[in-house]
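Note sheet for the following structure.
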Amino acid sequence: MVAAEASPFAKTGGLGDVLGALPAALARRGEDVAVVLPLYRTAKIGLHERILSNVPLTMGPHQLFASVDVQVHNDVRYYFVDCPRLYDRAGIYGEGGVDYPDNHIRFGLLNLSALAIARTVFPARIFHAHDWQAGLLAAYLRTNFAGDPTFFGSKCILTIHNLGYQGNFPRTALGDLGLDPVHLHTEGIEFYGQLSFLKAGIVWSDAITTVSPTYAREIQTPEFGYGMDGLLRARSNVLTGILNGVDYGEWNPETDPHIPARYSAEDFSGKQVSKLALLEEMGLPADAQLPLIGIVSRLVEQKGFDLVGPALAELIDEDFRMVVLGSGEWRFEEMFRTLAQSRPDRFAVRIGYDEKLSHGIEAGSDMFLMPSRYEPCGLSQIYSLRYGTVPIVRATGGLDDTVDDETGFKFQAYSPAALAEAIRAALKAWRDQDAWRLRMRRGMAKEHSWDDSAQEYQKIYRS
Ligand code: ADP
């Protein structure tokens, strides 16, 4: 597997979670799997071994040198590509909200490094590329290395975790990547006058997956296709949706070390303790009378935050509190900051990334809000189910596949009114605590294990 993130080494979202857990689930099912990712400065890499030193890698005009460190995590080998010139930086993708201008070189090299690793230390039959950062893997395999006997019979699978991130660069970037300009056409790597890493992956991979059945259908429509729906329709015979699993070792209220008190579906007292602790930590009045709505998210357009302000305006007379953890676009950070300043007894926000608090919010909230515009799979709502924190979600992608009317609240139209109505319905349902606890228990009983997902991936590997 090749990817830009893998928890616990590097994570900005769900991609990291998947690469931290799916490989181990496959290993438990008997697959021999390894992961290749960059050695970022921020990578929390522990005891490791250097297995390749200063391997020369030629990419177009660039002569680069990379070393490879290996660390075994959950019985899986994680290969870290150490190329300080490209990866020894403060950020993963960029700094201060600005992408690094040489990201095509950074992630181009990741793909060439993976092929070098497959050539020398881990002979791979199947390359499983994740998202645009690994999109060139199939392109290199089927073009530059098409005649290389090392890779005869190798297959390539691309998993799209989010079609909104495509890795598009100016056409001139092609020279940097060492790909032949003959591939710069609409059936190749060109995408509306630019070149696209993700498109290359879609064009040249043998199979394509995305992270929920509904999202697999949605991305074949103009509304969700981000310009690639036509191509995805053309490849629909090899496109499937496989839901992500959840690492219940990490996300389980019965064992979670990050939360103040543990609890189960039989005894909710620890959830009450967690709620009071959360209210106190966020500076809200520590009384549990009002329902508490939690949000943990990247604060970006995709997640539907442009609906939240207008919807809250409609709900101003309702009795509830809200805690928010996230970071992202300034306009959304500012909206939540302003809310918290104007109603400090009702709203609290923490801008930033905080693993412990994210668990605290899952445990301490009564409801969890995800009004996404689109959601390939979404993990937070699946965590919420397990924590007895009733999800309020827009019926799109993986949210639609994992939440039903028995376990949560869903709305269809992408509008503040529809969101407000869903929140209102949840607040109303909360008043009947017996029925509410039944709803919590139904959610907590849902199982989204990685073992099931791994089995689905194995079917594709076998095919
Ligand atoms: P996406 O991958 O689009 O960001 P997911 O719901 O699939 O959305 O995954 C989000 C993951 O990132 C969850 O594990 C969530 O807890 C975590 N996360 C998001 N924002 C934060 C934050 N500010 N602090 C801590 N964890 C966060």
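Brief remarks follow.
- Counted charge near Gly397, where neighbours are those whose Cβ lies closer than 14 Å (Asp, Glu -1; Lys, Arg +1): 0
- The simple spin-label model puts a point 7 Å past each Cα toward its Cβ; for Arg50 and Arg217 those points are separated by 5.3 nm.
- Segment 1-86: GluC sites (Glu not before Pro) in DSSP coil with no more than 11 other Cβ atoms inside 10 Å: none
- Residues listed by number, segment 239-282, amide nitrogen under 11 Å from Asp354 label point at 7 Å toward C-beta: 278-282
- Surface per residue (accessible, 1.4 Å probe) for segment 269-447, Å²: 38
- For Leu110, net neighbour charge (Lys/Arg +1, Asp/Glu -1) across residues whose Cβ lies under 12 Å away: -2
- Charge dipole (the chain, unit charges on Cβ, about Cα centre) - positive-most of Gln71, Ala340, Val246: Gln71
- Selection from Tyr414, Ser327, Leu292, by position along the positive dipole direction of segment 269-447 (Cβ): Leu292
- Gain upon complete extension [Asp75, Arg462; 0.36 nm per residue less C-alpha separation]: 137.1 nm
- Radius 11 Å from Cβ of Ile126, net charge of other residues (Lys, Arg +1; Asp, Glu -1): 0
- Separation in nanometres of the label points that stand 7 Å from Cα toward Cβ, at Asp267 and Ala417: 4.8
- Counted residue by residue at 0.36 nm each, then reduced by the alpha carbon distance between them, the extension gain from Gln302 to Tyr192 reaches 37.4 nm.
- Pairs from the list Lys44/Lys303; Lys271/Lys356; Lys11/Lys446 with a Cα-Cα gap above 22 Å: Lys44/Lys303; Lys11/Lys446.
- Taking each residue as 0.36 nm, the span from Arg41 to Asn237 lengthens on full extension beyond its C-alpha to C-alpha distance by 66.5 nm.
- Loop-located GluC sites (Glu not before Pro) across segment 236-287 with a Cβ neighbour count of 10 or fewer within 10 Å are Glu266, with loop assigned by DSSP.
- Remark: the chain carries a charge dipole of roughly 580 debye about the Cα centre, counting +1 on each Lys and Arg Cβ and -1 on each Asp and Glu Cβ.
- Simple rule: put +1 on each Lys or Arg Cβ and -1 on each Asp or Glu Cβ in the chain, find the dipole, and look at Ile157, Ile45, Gly378; the Cα lying farthest toward the positive end is Ile157.
- Spatial offset of segment 351-403 relative to segment 186-216 amounts to 28 Å, using the alpha carbon center of each.
- Peptides ranked, highest mean first, by Cβ atoms within 10 Å: ranges 80-86, 70-76, 285-291: 80-86, 70-76, 285-291
- Each Lys and Arg Cβ is given +1 and each Asp and Glu Cβ -1; about its Cα centre, segment 1-106 then shows a dipole of about 80 debye.
- Prolate/oblate/rounded call for segment 301-399, Cα gyration tensor, a/c under 1.5 rounded: rounded
- Two-site FRET efficiency, Glu95 against Ala425, from Cβ-Cβ distance with R₀ of 45 Å, rounded to 0.05: 0.60
- Measuring between their Cα centroids, segment 421-445 and segment 1-71 lie 42 Å from each other.
- Rolling a 1.4 Å probe over the protein heavy atoms of the chain, with every protein chain left in place, gives an accessible area that is 51 percent carbon and sulfur.
- Rough spin-label spacing in nm, given labels placed 7 Å along Cα→Cβ, for Gln341 and Asp287: 2.8
- Packing-based order for 32-41, 50-59, using average beta carbon neighbours within 10 Å, highest first: 32-41, 50-59
The values are calculated or read from the model by the stated rules, or taken from the named source; none is laboratory data. Since the model is a prediction, treat every value here as computed from it, not as a measurement. Heads up, the Cβs are rebuilt from the backbone with ideal geometry, glycines too, and the neighbour counts pull from every protein chain shown. Keep in mind that these areas ignore ligands, DNA and RNA; they rest on the heavy atoms of the full protein, side chains included. Shrake-Rupley method; radii C 1.70, N 1.55, O 1.52, S 1.80 Å.
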